[in-house]
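A.B. asks: I have a structure here, written as structure tokens, and I will follow up with some questions on it.
The values are calculated or read from the model by the stated rules, or taken from the named source; none is laboratory data. Remember, it's a predicted structure, so these values are computed and weren't measured experimentally. Ideal geometry is used to build each Cβ from the backbone, glycine not excepted, and the neighbour counts take in all protein chains shown. For the accessible areas, the whole protein counts, side chains as well, though only heavy atoms, and no ligand, DNA or RNA atoms are used. Shrake-Rupley method; radii C 1.70, N 1.55, O 1.52, S 1.80 Å.
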Amino acid sequence: MLHIGLSALAFDITPVNLRAEYKHNPFLDEPAPRLSWELTSDKHNQYQSAYQLIVASSEDKLNKDQGDIWDSGKVSSSRTNQIEYQGKPLQSRQQVWWKVRVWNAENQQGKWSDPAYWEMGLLQNTDWSARWIGYDLNDLSKPGKYHLPPSPYLRKEVTLSKKVKSARLYLSSLGLNEFYINGAKIGRDYFASGWTDYNKRIYYNVYDVTSHMQKGTNALGAILSNGWYAGYIGYALLVGAEKVNQYYGDSPLLKAQLELVFEDGSKQVISTDSDWKASTGAVMESDLLQGETYDATKEKEDWNQPAFNDAAWDPVQVVADHPKSILQLYPSNPVRVVKELPIKTIKKLANGKYLVDFGQNFAGNIRLKIKGKAHDSLIFRYGEMLHPDGTLVTENLRTARATDTYILKGAAREEVWSPSFTYHGFQYVEVSGLREMPANDFLTGLVLTSDLENAGHFETDNSLLNQIYRNIVWTQWANYVDIPTDCPQRDERLGWTGDAQIYIRSAAYNSDIAVFHKKWIRDLNDAQWPNGAFPIYAPIPLDKNGLAAVRATDTYSPGWSEAGIICTYEIFRAYNDTRIVEESLPYMVKFMDFLKSKADKDGVVREGAYDDIGPKGGFGDWLSVGKKTSPDLLAAMYYYYCTRLMAEMCDAANQAALATTYSEQASAIKRAFKDYYLKNGKFNIDERVYGNGEGYVEGQNGFSGHTQTAYANAIYMNLLDEPDLTRIGDHLRSLLEANGDKLTTGFLGFKPLLPALSMTGSSDKAYGLLLSTEYPSLGYEVANGATSIWERWDSYTKDKGFIHNAAMNSFSHYAFGAVNEWIFENILGIQPIDRGYQTFHIKPEIPGPGVELKKATGSYHSIAGRIASTWDYSGAIKKHHLEIPVNTTAYFHLVSPSQAQVDINGESLTKSKLVQEITASETGFILKLGSGDYDITIRP
Ligand code: RAM
């Protein structure tokens with residue numbers, strides 16, 4: 001809590017949370033990293049009028065205020081983020097220290113921040129002496145349904161005669177790696193070096209390994225796994241693809257470079273090359289989809305320690321660099337264990353197996369702790385749900401084997417093991433091979449996700465809504481795993497672009513996703529088809545003909561491909577990130593040309609425009625209920641929406657000519673769209689084009705333009721102005737009412753549904769949908785025990801059970817979690833006005849008296865600082881609590897008949913000097929507020 005009474009104190013406005021490229025003290029490879037900070041102050045209404053940054057070559061120089069690398073001088077600006085480094089050119093391996101101070105609105109100078117630093121990675125190809133090495137073990141794969149060779153184990157020893165002052169490990173793998181120095185695993189990261197189109201781009205990570213190095217002999221060791229590079233991907237097996245794995249290469253490879261600086265200043269580089277040795281070890285099988293087999297009896301004890309005798313090991317194979325792919329620093333945060341879950345219950349099943357319940361659907365692994373007989377094997381199967389008889393549902397995993405096996409070595413001490421190169425989406429584990437009921441902590445659930453900073457918080461007095469929010473967050477963790485996946489359990493786990501684009505804004509309210517999407521937007525750009533369309537998932541491995549290798553008909557689709565515009569836009573919007581716009585611009589422009597080619601001369605996408613793809617028209621309003629919204633009508637709206645976003649992005653990225661073109665195009669499309677599709681105030685389509693619906697997704701249901709999905713999208717995308725807007729808002733409302741206040745929307749329709757209702761005065765309907773426990777709704781899932789968001793509204797129903805299991809039925813799919821944006825923007829009411837939240841609205845929609853929701857509290861940690869909004873309407877006196885970051889301005893929308901009833905921080909609003917401005921609104925007042933905490937009460 002801040003106190004206004006402190007205003008007598010000296011000026012104090014302190015920069016905190018210093019970050020470079022969104023990270024704290026990171027390794028970077030951007031020549032001009034972007035710096036950011038946040039500000040704190042004990043006083044209200046504080047603004048930054050200027051800043052000064054200094055960057056020094058050492059901490060010592062920085063402490064002496066010597067910016068020998070860069071001194072920005074005093075810059076008059078209120079910006080606190082996306083400030084490009086403009087100092088001396090940075091060299092590979094260079095470490096620089098920086099700090100910042102600011103001036104307030106009265107031009108008083110504040111104190112320097114604490115120091116921060118960043119270190120450059122390897123910027124030139126010539127910095128790399130390491131070679132790609134591997135050990136092809138494909139011949140050792142056991143015959144059977146799956147091709148799963150054992151993991152290569154690689155090692156090398158180095159003897160150091162001097163004391164190491166600093167050591168850096170530059171580490172990359174095609175496929176997955178675990179790296180050890182003197183027996184210790186380096187880093188906590190999983191699935192490095194991530195999934196990219198390895199023919200274009202390969203990532204490496206950097207680790208400070210100084211503390212691992214010792215004088216004398218040191219052992220370097222690595223275990224590799226196929227991962228996305230050579231392992232199974234997606235539903236290739238299921239659909240009978242010609243090739244089901246090894247899309248990028250046949251066996252995994254490692255590139256590692258250990259750079260040492262000794263106390264005397266001399267240097268040494270140890271690289272992967274032909275003198276490394278290779279063998280097999282205990283990892284007998286490993287695959288992201290199929291699981292891992294670990295035979296502890298085959299462990300080569302101390303293989304990664306200095307004293308090990310590797311005389312019997314083979315030489316490694318050395319492989320040439322791919323001529324076209326570039327090596328870059330992993331831009332995102334790695335996948336890590338972010339939480340551990342204890343077992344909730346263990347039950348013995350009738351078949352002698354044991355069933356473990358973690359009480360939560362999540363993505364990750366188990367850690368096993370067990371004592372037992374040598375050669376006993378424990379088999380772990382994973383599932384999200386149980387059949388009525390209590391056995392595990394695995395049908396919905398389709399061809400993903402999702403099975404781990406651990407073969408005990410029978411040690412005197414407890415054996416501890418956890419898979420390294422796979423993960424599963426599950427709540428339950430079925431264990432076979434146990435001789436007796438195990439200890440209730442024999443397994444621990446390890447929750448894996450890309451390790452992003454938490455950004456959001458939300459809680460209410462309604463337990464159903466709290467559970468819906470938790471389900472959204474858990475499902476996001478489960479699917480933000482290196483790339484945004486659709487699901488974590490079955491033979492799919494692809495970066496589906498439609499899912500990603502509808503969910504990205506929701507995701508941003510939960511976690512700081514800037515670096516995660518910086519990576520994936522590149523993946524998406526790398527995956528653009530030659531015709532300019534973005535694909536339906538990215539990365540997308542290609543076959544020798546340049547078609548999708550997993551399924552040749554996987555091409556593009558309206559609602560999916562637009563991720564190439566929308567995801568870039570959402571990162572730009574949330575983080576004021578214009579560099580991502582500049583980087584994506586050539587790809588986006590090419591895509592816009594593609595979209596144009598699908599429209600008529602006026603810019604209208606007409607019925608049948610996408611009949612060239614399979615399914616015809618694309619995926620449309622995927623998994624909707626009942627009659628289908630015309631996919632082309634949706635495509636037409638998306639075309640307009642993307643054009644508008646392009647105009648805005650181009651404007652911000654100093655592309656004035658392009659901005660004008662797109663904004664003129666957008667106006668033209670808007671007019672033409674209305675002329676073509678709006679008939680007598682309703683959306684009308686030419687159903688004849690779709691014939692009997694064959695070839696379209698659920699075409700047998702028939703097509704319409706007069707649907708919840710169509711109107712929700714048109715409203716959300718600002719396609720129509722008054723008086724049409726009111727009319728279609730009324731249609732949306734009456735369609736809901738005619739359907740018993742139940743939704744019919746699928747992926748594309750649900751995302752805008754609640755926002756559109758709010759935008760057209762039907763907030764009551766939005767609350768009704770959100771808090772419903774009737775099918776179809778998120779509450780129905782909760783009422784059926786869900787701890788995550790389901791793929792389908794009817795993934796499970798009380799009367800029919802699992803009707804979709806054999807085909808497509810995930811219980812961890814974030815798409816319908818897209819309602820999170822309404823939770824933050826409408827329940828808490830936090831809505832940006834400009835990019836990066838320097839100004840924003842706080843406009844909470846307080847539900848009517850009939851709704852069981854009287855209190856909500858939450859916050860969003862924006863790039864401008866943490867914004868909090870709480871309301872409590874449970875008593876006669878209505879209360880709001882707001883927290884506004886320094887250097888930002890909030891417009892707080894207050895519903896109250898008169899100012900005289902309102903107090904702010906204990907004073908009458910009419911007298912308060914804290915409020916910058918009060919303007920009247922239709923329902924009350926808008927308070928313009930600067931930074932600080934505010935308690936606002938409305939007396940009856
Ligand atoms: C499913 C995926 C995804 C969806 C596509 C069309 O297989 O799970 O959610 O975008 O199909």
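A.B. asks: Over all pairs of distinct alpha carbons, what does the Kirkwood formula give as the hydrodynamic radius of segment 462-533, in Å?
C.D. replies: About 13.3 Å for segment 462-533.
A.B. asks: Lys/Arg Cβ at +1, Asp/Glu Cβ at -1, dipole of segment 305-400 taken about the Cα centre: which of G390, H322, A311 is farthest positive-ward?
C.D. replies: Going by the charge dipole, the pick is G390.
A.B. asks: Going by the alpha-carbon gyration tensor, a ≥ b ≥ c the square roots of its eigenvalues, is segment 722-762 rounded (a/c under 1.5) or, if a/c is not under 1.5, prolate (a/b greater than b/c) versus oblate?
C.D. replies: Cα axes put segment 722-762 in the oblate bin.
A.B. asks: Amide H of T403 versus every other amide H placed in the peptide plane: which residues, excluding those fewer than 5 positions away on the same chain, fall under 5 Å?
C.D. replies: G291, E292
A.B. asks: 5 Å is the cut-off here: which amide hydrogens, built 1.01 Å from N in the peptide plane, fall below it relative to L39, excluding neighbours closer than 5 in sequence?
C.D. replies: Answer set, sorted by chain and number: V16, V886.
A.B. asks: Still on this model: Amide H neighbours of D376 under 5 Å, counting only residues 5+ apart in sequence or on other chains, H built in-plane at 1.01 Å?
C.D. replies: The answer is L408.
A.B. asks: Evaluate the charge dipole of segment 65-157 about its Cα centre and quote only its size in Debye, nearest 20, assuming +1 on the Cβ of each Lys and Arg and -1 on the Cβ of each Asp and Glu.
C.D. replies: Result for segment 65-157 is approximately 280 debye, rounded to the nearest 20.
A.B. asks: Only helices at least 30 Å long along their axis, Cα-based, and averaging 0.0 or more on Kyte-Doolittle count here, so list those DSSP H runs from the chain.
C.D. replies: Qualifying helices: 631-652.
A.B. asks: Here is a follow-up. Kindly sort E106, E259 by accessible area of their heavy atoms, largest first, with the probe set to 1.4 Å.
C.D. replies: Per-residue accessible area, sorted high to low, gives E106, E259.
A.B. asks: Taking the Cα centre of the chain as origin, sum charge times position over the Cβ atoms of Lys and Arg (+1) and Asp and Glu (-1), and report the length of that vector in debye to the nearest 20.
C.D. replies: 680
A.B. asks: Rounded to the nearest 5, what is the percent of antiparallel bridges among the DSSP beta bridges in the chain?
C.D. replies: Bridges in the chain that DSSP calls antiparallel: roughly 90 percent.
A.B. asks: From a point 7 Å beyond the Cα of A412 in the direction of its Cβ, which residues of segment 283-303 have a backbone N at a distance under 20 Å?
C.D. replies: From segment 283-303, the list is 296-302.
A.B. asks: For K674, go through the lysines and keep the ones whose alpha-carbon is under 19 Å away, minus same-chain ones fewer than eight residues off.
C.D. replies: K596, K598, K601, K682
A.B. asks: Magnitude of the Cβ-charge dipole of segment 321-375, K/R +1 and D/E -1, about the Cα centre, nearest 20 debye?
C.D. replies: For this selection, approximately 420 debye.
A.B. asks: With r as the distance between the Cβ atoms of V851 and S908 and R0 = 30 Å, compute the FRET efficiency 1/(1 + (r/R0)^6) and round to 0.05.
C.D. replies: 0.50
A.B. asks: Which whole-percent values make up P(r) of segment 709-818 when all C-alpha to C-alpha distances are grouped in 5 Å steps starting at zero?
C.D. replies: Spelled out per bin, shortest first, that is 2, 12, 22, 23, 16, 12, 8, 4, 1, 0.
A.B. asks: Let me ask something else. Find which of Q838, T403, V337 sits farthest along the positive direction of the dipole of the chain, computed with +1 on the beta-carbon of Lys and Arg, -1 on that of Asp and Glu, about the Cα centre.
C.D. replies: V337
A.B. asks: Given a Förster radius of 41 Å and the C-beta distance between K88 and A307 as r, what FRET efficiency does 1/(1 + (r/R0)^6) yield to the nearest 0.05?
C.D. replies: The calculated FRET efficiency here is 0.35.
A.B. asks: Something else: Report ³J(HN,Hα) in whole Hz for each residue of segment 143-151, in order, from the Karplus equation J = 6.51 cos²θ - 1.76 cosθ + 1.60 where θ = phi - 60°; Gly and Pro get x.
C.D. replies: x, x, 5, 10, 9, 9, x, x, 7
A.B. asks: Can you run the Rg to Rh ratio on the chain? Use alpha carbon positions and the Kirkwood inverse-distance Rh.
C.D. replies: 0.97
A.B. asks: For a quick check of your reading of the filter: which trypsin sites (Lys or Arg not before Pro) in segment 905-940 sit in a DSSP loop and have no more than 15 other Cβ atoms within 10 Å?
C.D. replies: Those that pass, being in a loop and sparsely packed, are K911, K913.
A.B. asks: Averaging over every viewing direction, what projected area does the convex hull of the Cα atoms of segment 273-386 cover, in nm²?
C.D. replies: For segment 273-386, averaging the hull's shadow over all directions gives 12.1 nm².
A.B. asks: For K200 and N466, compute 0.36 nm times the residue count separating them, minus their Cα-Cα distance, and round to one decimal in nm.
C.D. replies: 91.5 nm
A.B. asks: Something else: May I ask you to evaluate 6.51 cos²θ - 1.76 cosθ + 1.60, the Karplus curve with θ = phi - 60°, for each residue of segment 52-62 and list the ³J(HN,Hα) values in order in whole Hz, giving x for glycine and proline?
C.D. replies: Using θ = phi - 60°, the values come out as 9, 10, 10, 10, 10, 7, 8, 5, 4, 5, 4 Hz.
A.B. asks: Compare the Cα positions of Y51, I483, Y153 along the charge dipole of the chain (+1 at Cβ of Lys, Arg; -1 at Cβ of Asp, Glu; about the Cα centre) and return the one farthest towards the positive end.
C.D. replies: Of the listed residues, the answer is Y153.
A.B. asks: Given the Cα atoms of segment 128-332, and with Rh set as the inverse mean 1/r over their pairs in the Kirkwood sense, what is Rg to Rh to two decimals?
C.D. replies: 0.98
A.B. asks: Given 25 °C and 0.890 mPa s, how large is the Stokes-Einstein diffusion coefficient of segment 2-120 in µm²/s, with Rh as the Kirkwood radius over Cα pairs?
C.D. replies: The calculation lands on 167 µm²/s.
A.B. asks: Ranked from the most accessible area to the least, with a 1.4 Å probe and all protein chains present, what is the order of V550, V416, V689?
C.D. replies: Most to least solvent-accessible, the answer reads V416, V689, V550.
A.B. asks: Over 26 Å between Cα atoms: which of K298/K373; K61/K215; K185/K215; K165/K255; K163/K339 fall into that group?
C.D. replies: K61/K215; K163/K339
A.B. asks: At 222 nm, what value in deg cm²/dmol follows for the chain if DSSP H runs of at least 4 each add -39500 (n - 2.57) and the sum is divided by all its residues, to the nearest 500?
C.D. replies: Helix contribution divided over all residues of the chain: -6000 deg cm²/dmol.
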